[in-house]
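J.: There's a structure below that I have some questions on.
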Amino acid sequence: MSTRLSKGGRLIDRSKPMGFTFNGKRMQGYQGDTLASALLGADQMLVGRSFKYHRPRGIVASGAEEPNALVGLGQGGRFEPNQRVTTTELFDGAVTESQNHWPSLDFDVGAVNDKLYKFFPAGFYYKTFMFPRAAWKHVFEPIVRQSAGLGKVPTARDEDRYEYAYGFADLVIVGGGIAGLTAALSAGRKGQRVWLIEQTAHWGGRAPVDGVEIDGKPADEWVRTAVETLEKMENVTLRLRTMASGLYDHGYLLAYERVADHTPGDGRPRHRLWRMRAGHVMTATGAIERPLSFAGNDVPGVMLASAVRDYVANWAVSPGDRTVIVTNNDDAYRTALTLLEAGLAVPAVIDARPEAKGALPEAVRARGVRVLTGHGVAKVKGAKRVTGVSVCMQAGEGAEIETIACDAIAMSGGWSPVVHLWSHCGGKLTWDEDHAMFRPDPTRPATGADGAAMVTAIGSANGMLRAADAVADAHMAAGSEGTAPKAVSAEEAPMSPVWIMPEGAGPALRMKMWLDYQNDVKVSDVQLAAREGYESVEHTKRYTTLGMATDQGKLSNINGLAVLSDALHQAIPATGTTTFRPPYTPISIGAIAGEARGEIFQPLRKTPMHDWHEVHGAHWEPVGQWRRPYCYLRTGEGVHDAVNREIRAIRNSVGLLDASTLGKIIVKGPDAGRFLDMLYTNMMSTLAVGKCRYGLMCTENGFLSDDGVVARLSEDTWLCHTTTGGAERIHGWMEDWLQCEWWDWKVYTANVTEEYAQVAVAGPNARKVLEKLGGMDVSKDAHGFMEWREGTLGGFRARVYRISFSGELSYEIAVPASEGRAFWDALLAAGEEFGVTPYGTEAMHIMRAEKGFIMIGDETDGTVIPQDLNLQWAISKKKTDYLGKRAQERSYMVSPDRWKLVGLETLDGSVIPDGAYAVADGVNANGQRNMQGRVTSTYYSPTLNKGIAMGLVKHGPDRMGEVLDFPVDDGKVIKARIVDPVFYDKDGEKQNV
Amino acid sequence: MLTLECPYCGVKAEETELQPGGEAHLKRYGPGSTDEEFDGYMFSRKNPKGVHFERWRHAYGCGKWFLAARCTATLEVFGTYPAQTSEPPAELQAKIKAKRPNWEGYK
């Protein structure tokens, strides 16, 4: 059994016990525990089930590489699935539950998959669910959906808050072990702005557990002094619980700080995402121990040798009473010594190497422990917990020599440097034959903006696995400032790579050798993939799902690609690794979202009249970042009814539209006219001061991009109105041409959209309302159609444009934004006797469609030129050039076969669905029905009391009166007649009064 | 995420502050040009693996367009300069040539 030892534990504080529950069972740990050490201390080795076979799973590791021990943590608004117990600090009252089992962890129905493992080989998804085709939808998918997925999705809204923070440094050192600390000391002394970040809650890394001495002191003591020294340096920032998640272009580093995971609900943000810019990055990320591939290496109780050592030394937890060590290197003997030191039994060390004569093995032998060299594990005994190990010769096929009773196995297949950050931005790896590992190739680092190396790997992350080498390497890399720390650790004899144990294991054993514990990928699966032709490691990964679990193959990848290389009869470097991608370990979605949720998800733009709309029933429509009233709902009224009421009110009396969102750009200067002539399809330089003109803008590719009314304010000043969504884009477009093409033209532009509140007063009584306000002559003779006047209206400084998008007598009045709300109120008061009705965007849209006016984004979609919309009248024939002119001369653009704008009137008066297509006879080359047109705008017109639509139809204007078929859902066909797009007041008698 | 120094305001701008504008030093072909010329101006881009001249706007800064010379493979930035020029500054060209001897020039 695993248990808490009566003394020791360098990280726990026995005076501070903490209670928690696992699957409802009450347990106890201490401050300083991880969930993993607390669970093991309470003899809870079995913590979950694997993904595919639902095999019992125990804790394997002690850090970020843990593949098995994932739990659901917390409750309600603080529940989160897939929390790795090895990296979760224990807190008082923690509620945890195991995952991926039904009905219970101990008895799981899904485990039947395990008995059927022969039917679930690699790629079984692709092989099994193919036929019959209908079976996928009706049989397989429902079953797969039910059993797929790891953990439960939270259902309550997240109670915590998250934040972004920004950091800048000359040097960011990732990893607070002895290498990281050494580098920070040197760089700190040099005066660099240094950040040292460490993913766990403790400085010092593995050195204190491994019995390293530095400068004549135990590692713990040296680490304490080093941290104290660094804390005194003003140019050095230290952060614990901060994991470097990814490294990106030009030294952009994302770091994930778990601020309050261990103190939930204390008011601090739970996570903080640091967006850092590093002049240089040093990865002191250490190394991860590799498992050995022997049959039954996934039985709970089989753990990494380093993890066993960690649990004993750091948390005074013994994973077992009798622990057998299985290894191919000297380092694992440290685990034997640690266990013996704690008074625990080590029945044997099984060493795959032919001999083991280093200092560490000799020290173990001297304690009377059997060391079986040249041996291996044939198989592990036990199901939910190790009960023994069957020993064989490593060179053989697995014939059992003896069985050793034990309740834990500590395995070590050697170490792999953590090269993720090094690799994220293009750093390359080299194969180190001596240690059978990939390490960073210093000649091929990721490079930064200046073309120089952006990353340096130091310490064991650089392949310097021995403490003395690691510290020396770090000191030198960081500029060798000050005295180099001297580390001393035991000598180690060479390791010997072991990828399968025993060497000659047959199929039965290989089917029980786990590579990826979480996703249930075994040696046999990778070998099968190789036999089936998967030669690329990237393909094999996806076919077998090796390394695709939440641990991203931290334990399995190197073993997996070694097995693949062997199956392909090629050297490991020829196979290569899969791509290392951020994040290093999963980060919370909350941290990625930061503060951007709820009301501040994105900035909202509000007009000066926004609050009035809000309290008067505005049914909001998002238009870019603006919110505009779609219509105003009265009590008990539906949207459709409200829109129709608003339109009738305008057509019969008068309405008000908040048009403040309309883009307004000032274009000014001696060359402004010339510039606008290039920008618009029609002539703007000839526009008289005091007049307005409707204009079109096209892209260089000829397509219609924006439209609006232009007013000439003075000899050298024009005001260009754009669509609501187009203001920023068009302003940028103007600047692009002015700065990059015609930079010698004397023009400047200013986007004054938000400087003005603008109101459209439309309807037969519009003039009467303005006259009631008084102050300006708005009579037909004094203020003609398409003219603007400036003056004081009802006491407000106003610029009045007589333009109409509704087809009614209409004025658009701009006042300073600060006076917008007061002006709106004044208009409402003045209009009261006429029943003035505020209207929204939908009424505006319908009224413009009744008049046959186009709408950017409805009639245009980036493939429509003005000529398609019969807007030739707005295209100058005199100008030699404008943006888009050359493009519109291309053969396809002048083709008579282009679809052109027409009106559409359904024969039965109904409304055609938006986007419906008109079909023609025959089929095209793909066997699809030929098309001859489509609907671009479609509405119910309350004015005409029937459905009206606009659309683009092949040869449309020449086919007036013809009836087209528009097939819609359920085989129904709507018949519509081609008509003039101007449905209402063709002669403009309403607006010219 | 790239950082580029805006040659107008001197700010080392992060990519999120910038708006990309595609290849720099294009010659505009308007009415009167042949189909081939217009097609080349409108659609044909170099897309090299290596030295590339491109347009960027310091959109969330000073609002100015500027040009940058950058290696598309390594993301090394050779320099940035104002957009009001028809060819890259001579010293920048010399700098690139020194770093990339096989570079064939910006044209």
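The values are calculated or read from the model by the stated rules, or taken from the named source; none is laboratory data. All values derive from a computational prediction rather than experimental measurement. Here the Cβ positions follow ideal geometry from the backbone for every residue, glycine too, while neighbour counts run over all protein chains shown. Just so you know, the surface numbers come from the protein's heavy atoms only, side chains and all, with ligands and any DNA or RNA stripped out. Shrake-Rupley method; radii C 1.70, N 1.55, O 1.52, S 1.80 Å.
J.: Which condition number in (1) touching a residue at least 40 places away in the same chain (Cβ under 8 Å); (2) open to solvent by less than 10 Å² (accessible area, probe 1.4 Å); (3) not in a loop (DSSP other than H, G, I, E, B) is the one that A:Val364 fails?
T.: (1)
J.: Which residues, counting only those in the range A:227-244, are closer than 20 Å to A:Ser460 by Cβ and open to solvent by 30 Å² or more (accessible area, probe 1.4 Å)?
T.: The one that is closer than 20 Å to A:Ser460 by Cβ and open to solvent by 30 Å² or more (accessible area, probe 1.4 Å): A:Leu240.
J.: Can you name the condition, by its number, that A:Ala762 falls short on among (1) closer than 30 Å to A:Val654 by Cβ; (2) under 37 Å from the mean Cα position of the chain (by Cα)?
T.: Among (1) closer than 30 Å to A:Val654 by Cβ; (2) under 37 Å from the mean Cα position of the chain (by Cα), the lone unmet condition for A:Ala762 is (2).
J.: Now a separate question. Out of everything in the range B:73-85 that is more than 11 Å from the chain's Cα centre (by Cα) and in contact (Cβ under 8 Å) with a residue 24 or more places away in the chain, what residue ends up being least open to solvent (accessible area, probe 1.4 Å)?
T.: B:Leu75
J.: Scan the range B:59-95 for residues that are more than 11 Å from chain A (Cβ to nearest Cβ) and among the aliphatic types (A, V, I, L, M) and jot them down.
T.: B:Ala69, B:Ala90, B:Leu92, B:Ala94
J.: Okay, next question. State yes or no: is A:Leu247 within 14 Å of chain B (Cβ to nearest Cβ) and crowded, with 24+ Cβ neighbours inside 10 Å?
T.: Numbers: within 14 Å of chain B (Cβ to nearest Cβ): yes; crowded, with 24+ Cβ neighbours inside 10 Å: yes.
Spelling it out, A:Leu247 is indeed within 14 Å of chain B (Cβ to nearest Cβ) and crowded, with 24+ Cβ neighbours inside 10 Å.
J.: If you don't mind, another one. Looking only at the range A:511-545, how many residues end up being β-branched (Val, Ile, Thr) and touching an Asp or Glu at 6+ places or on another chain (Cβ under 6 Å)? Working first, answer last.
T.: Step one: filter the range A:511-545 for residues β-branched (Val, Ile, Thr), giving A:521, A:523, A:526, A:537, A:540, A:544-545.
From what is left, the residues that are touching an Asp or Glu at 6+ places or on another chain (Cβ under 6 Å) are A:544.
Within the range A:511-545, residues that are β-branched (Val, Ile, Thr) and touching an Asp or Glu at 6+ places or on another chain (Cβ under 6 Å) number 1.
J.: Please determine whether any residue of the range A:179-191 is crowded, with 20+ Cβ neighbours inside 10 Å and of a type in the set (S, T, N, Q).
T.: Among the residues of the range A:179-191, at least one is crowded, with 20+ Cβ neighbours inside 10 Å and of a type in the set (S, T, N, Q), which makes the answer yes.
Residue by residue, here is whether (1) of a type in the set (Ser, Thr, Tyr); (2) open to solvent by 10 Å² or more (accessible area, probe 1.4 Å); (3) at negative phi holds:
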{"site": "A:Val537", "(1), (2), (3)": "no, yes, yes"}
{"site": "A:Thr545", "(1), (2), (3)": "yes, yes, no"}
{"site": "A:Gly560", "(1), (2), (3)": "no, no, yes"}
{"site": "A:Val563", "(1), (2), (3)": "no, no, yes"}
{"site": "A:Pro573", "(1), (2), (3)": "no, yes, yes"}
{"site": "A:Ile587", "(1), (2), (3)": "no, yes, yes"}
{"site": "A:Gly594", "(1), (2), (3)": "no, no, no"}
{"site": "A:Ile600", "(1), (2), (3)": "no, yes, yes"}
{"site": "A:Leu604", "(1), (2), (3)": "no, yes, yes"}
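J.: Inside the range A:371-381, can you point out the residues that are closer than 19 Å to A:Asp321 by Cα and open to solvent by 40 Å² or more (accessible area, probe 1.4 Å)?
T.: Initial filter on the range A:371-381 (closer than 19 Å to A:Asp321 by Cα): A:371, A:380-381.
Within the range A:371-381, A:Lys381 is the sole residue that qualifies.
J.: Do any strands (runs of 3 or more DSSP E) entirely within the range A:413-483 hold 2 or more residues that are open to solvent by 30 Å² or more (accessible area, probe 1.4 Å) and away from chain B (no Cβ under 14 Å), and if so, which? Please lay out each step first, then the result.
T.: Details: elements: A:415-417, A:429-432, A:437-440, A:455-457.
Passing ranges, in order: A:429-432.
J.: Filter the range B:1-27 down to residues that are over 23 Å from B:Arg100 (Cβ atoms) and of a type in the set (S, T, N, Q) and give me whichever is farthest from the other protein chains (Cβ to nearest Cβ).
T.: Taking the candidates together, the pick is B:Thr16.
J.: Right, another one. Just checking, which of A:Ala887, A:Ala849 is within 14 Å of another protein chain (Cβ to nearest Cβ) and either among the aromatic types (Phe, Trp, Tyr) or within 25 Å of A:Arg693 (Cβ to Cβ) (or both)?
T.: Numbers: A:Ala849 fails: within 14 Å of another protein chain (Cβ to nearest Cβ).
Within the list A:Ala887, A:Ala849, the selection yields A:Ala887.
J.: Continuing with this model, one more query. Could you tell me whether B:Gly30 is open to solvent by less than 30 Å² (accessible area, probe 1.4 Å), under 15 Å from B:Cys6 (Cα atoms), facing chain A (nearest Cβ under 9 Å) and part of a loop (DSSP other than H, G, I, E, B)?
T.: Working: open to solvent by less than 30 Å² (accessible area, probe 1.4 Å): yes; under 15 Å from B:Cys6 (Cα atoms): no; facing chain A (nearest Cβ under 9 Å): yes; part of a loop (DSSP other than H, G, I, E, B): yes.
So B:Gly30 does not fit the description; no.
J.: Go through the range A:211-226 and give me each residue that's of a type outside the set (Phe, Trp, Tyr) and buried (at least 21 other Cβ atoms within 10 Å of the Cβ). I'd like the intermediate steps shown before the answer.
T.: Kept after step one, since they are of a type outside the set (Phe, Trp, Tyr), are these residues of the range A:211-226: A:211-221, A:223-226.
If the condition is that a residue be of a type outside the set (Phe, Trp, Tyr) and buried (at least 21 other Cβ atoms within 10 Å of the Cβ), then A:Val212, A:Ile214, A:Ala219, A:Val223, A:Ala226 are the ones that fit.
J.: Only strands (runs of 3 or more DSSP E) wholly contained in the range A:1-60 count here; list those with 3 or more residues that are surrounded by fewer than 24 Cβ atoms within 10 Å (Cβ to Cβ). Break it down stepwise before answering.
T.: Working: elements: A:13-22, A:25-31, A:46-49, A:56-58.
Hits in the range A:1-60: A:13-22, A:25-31.
J.: So in the range A:729-761, with the set limited to residues that are part of a loop (DSSP other than H, G, I, E, B) and touching a residue at least 12 places away in the same chain (Cβ under 8 Å), which one is nearest to the other protein chains (Cβ to nearest Cβ)? Before you say what the answer is, go through the steps one by one.
T.: Keep residues of the range A:729-761 that are part of a loop (DSSP other than H, G, I, E, B), which gives A:741-747, A:752.
Next, from what is left, pick out any that are touching a residue at least 12 places away in the same chain (Cβ under 8 Å): A:742, A:745-747, A:752.
Working: A:Trp742: 10, A:Trp745: 11, A:Lys746: 13, A:Val747: 14, A:Val752: 15 Å.
Looking at the filtered set, the residue picked out is A:Trp742.
J.: In the range A:835-882, what residues are open to solvent by less than 30 Å² (accessible area, probe 1.4 Å), closer than 26 Å to A:Arg628 by Cβ and not in a helix (DSSP H, G or I)?
T.: Hits for the range A:835-882 are A:Val836, A:Thr837, A:Pro838, A:Tyr839, A:Gly840, A:Lys851, A:Gly852, A:Ile854, A:Glu859, A:Thr860, A:Val864, A:Leu871.
Each row is one residue, and each column tells you yes or no for (1) over 30 Å from A:Val209 (Cβ atoms); (2) not in a loop (DSSP other than H, G, I, E, B).
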| site | (1), (2) |
| --- | --- |
| A:Lys152 | yes, no |
| A:Asp158 | yes, no |
| A:Ala165 | yes, yes |
| A:Leu171 | no, yes |
| A:Thr182 | no, yes |
| A:Ala187 | no, yes |
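J.: Quick check, is A:Met697 in a loop (DSSP other than H, G, I, E, B), at pLDDT 95 or above and either open to solvent by less than 10 Å² (accessible area, probe 1.4 Å) or among the small types (Gly, Ala, Ser) (or both)? Working first, answer last.
T.: Values: in a loop (DSSP other than H, G, I, E, B): no; at pLDDT 95 or above: yes; either open to solvent by less than 10 Å² (accessible area, probe 1.4 Å) or among the small types (Gly, Ala, Ser) (or both): yes.
The answer is no for A:Met697.
J.: Of all residues in the range B:33-43 being open to solvent by 60 Å² or more (accessible area, probe 1.4 Å) and more than 8 Å from chain A (Cβ to nearest Cβ), which is nearest to the chain's Cα centre (by Cα)? Talk me through it step by step, then tell me what you get.
T.: Residues of the range B:33-43 that are open to solvent by 60 Å² or more (accessible area, probe 1.4 Å), as a first pass: B:34-37, B:39, B:43.
Now narrow it down to the ones that are more than 8 Å from chain A (Cβ to nearest Cβ): B:34, B:36-37, B:39, B:43.
Working: B:Thr34: 26, B:Glu36: 23, B:Glu37: 21, B:Asp39: 20, B:Phe43: 16 Å.
Among those residues, the one meeting the criterion is B:Phe43.
J.: Could you list, in sequence order, all residues of the range A:797-826 that are aliphatic (A, V, I, L, M) and within 16 Å of A:Tyr756 (Cα to Cα)? Explain how you work it out, then say what you get.
T.: Our first condition is that a residue be aliphatic (A, V, I, L, M); within the range A:797-826, this holds for A:798, A:800, A:803, A:809, A:813-815, A:817, A:822, A:826.
A:Ala798, A:Val800, A:Ile813, A:Ala814, A:Val815, A:Ala817, A:Ala822, listed by residue number.
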